[in-house]
Amino acid sequence: MILRLLRVLPLTVTVTATVWALSTNPLARPFVDRAADDLRIALERKVSRAATSDWIEGALADAVATRDVDRARMLMDLSADLNRPVDTRSAETMIDARSGWAARVADCAACMADVSTCPTLTQLASCAVPFEMSPLGDLNALRRAGMAWAADETVDELDVGLAAIGLAATGAVVVSGGSSVTVKAGTGLLRLARRMGSLTPGLARTMRVPIRWEAFPGYLRGSARLEDMTDIAQLNRLTATAADLGRIREATTTAETLRLVRLVDGPEDAARLARIAEAVGPKTTRTVAVLGKGRVFRATIRLSRAAAGTLILLWLTAIQLAILLGTRAAALLLHGFVRHDTGRTAPVPGARPVRAPRLPPR
């Protein structure tokens, strides 16, 4: 009996631990968000493995072919940080050609006139962003909407919603001492990305704010409240997304945020990208460029310890049950073979032995 109990003791302990682990319901939410330091280490490790010299050279050749100065500079910095031997002569020649004084002045003038013509995001950030992120940019957006509405033309409701949030945040900055600066910056970036055409259709669709046009003139005059002109719940969702973009800008730069906004398809993407930017910092753009959106976003979560422990216990339980059942089946099968062989060769009790007949001599 003691031997039998000792044989089933490991299985009993494992099953008991598994039942207790399952009672805590760890598989209801098996994945949890990584901490900032853990996320940074995981992403840096993945980038170091993926960004080989061949990969950087191919990406740098594409940047030179498309005359993408920002991407070329980012790839050159990446090769230097990772000590990857890469030929950068063609990229340096292209950057020098676009970095002359006369070229910068001409590009900046064109950029201020039309943001879609900015050759680099850095010039966009220095030439067009200051105006668009100021209250004058919000008022200009409302002016465009008012003129379109008066002319019975299509009005960009997202642009109007962003301008309304921007003006409201501007007032909050004065009152609260700067707590809404992030929201104000995010609305300016979203509006600028909208005019650049880099706002994804999914984000534009989910961020569209309904406007009650009968209250629009009163809001411009200051006689109507913001909640009289639009849906506050939808406006709050847009505000949260703008705040996430503002967090990205604080962790990186304005130019990098305008490039990263192309990856945002909804509020969830904006929140996750903000977490990545706060963990990786200025390396966010190159991390996404090397790994891609899917791999970077998947790296933000990990299997929880409780779920991992429960899965290990389930695996141990299955293994021990298989061993126990296999041992029992093998014993029964061996016992059956022994009984069958014994019944065929053993003498019958009470029977006389059969002797061979004696042959006569010749």
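The values are calculated or read from the model by the stated rules, or taken from the named source; none is laboratory data. The structure displayed is predicted, hence computed values, not measured ones. Cβ coordinates were reconstructed from backbone atoms using ideal geometry, including for glycine residues, and neighbour counts include every protein chain displayed.
Restricting the first member to the range 142-165 and to residues that are without any contact (Cβ under 8 Å) to a residue 12 or more places away in the chain, and the second to residues that are among the acidic types (Asp, Glu) and assigned to a loop (DSSP other than H, G, I, E, B), the beta-carbon pairs closer than 9 Å and six or more apart or on different chains are 147/153; 148/156.
Scanning the range 227-242 for residues that are in a helix (DSSP H, G or I) and either acidic (Asp, Glu) or more than 25 Å from residue 274 (Cβ to Cβ) (or both) yields 227, 228, 229.
When the range 203-219 is examined, which residues are found to be in contact with an Asp or Glu (Cβ under 8 Å, 6 or more places away or on another chain) and either over 17 Å from residue 189 (Cβ atoms) or modelled with pLDDT under 80 (or both)?
Taking the range 203-219 and keeping what is in contact with an Asp or Glu (Cβ under 8 Å, 6 or more places away or on another chain), we get 203, 208-212, 215, 218-219.
Correct list: 208, 209, 210, 211, 212, 215, 218, 219.
Take residue 94 and decide whether it is modelled with pLDDT under 70, part of a helix (DSSP H, G or I) and over 31 Å from the mean Cα position of the chain (by Cα).
Working: modelled with pLDDT under 70: no; part of a helix (DSSP H, G or I): yes; over 31 Å from the mean Cα position of the chain (by Cα): yes.
No.
Residue 286 meets each of the listed conditions (1) modelled with pLDDT under 75; (2) surrounded by 10 or more Cβ atoms within 10 Å (Cβ to Cβ); (3) part of a helix (DSSP H, G or I) apart from (1).
Residue-by-condition table, conditions (1) surrounded by fewer than 24 Cβ atoms within 10 Å (Cβ to Cβ); (2) under 22 Å from residue 273 (Cβ atoms); (3) of a type in the set (D, E, K, R); (4) at pLDDT below 75:
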| residue | (1), (2), (3), (4) |
| --- | --- |
| 135 | yes, no, no, no |
| 139 | yes, no, no, no |
| 144 | yes, no, yes, no |
| 150 | yes, no, no, no |
| 158 | yes, yes, no, no |
| 167 | yes, no, no, yes |
| 177 | yes, no, no, yes |
| 186 | no, yes, no, no |
| 191 | no, yes, yes, no |
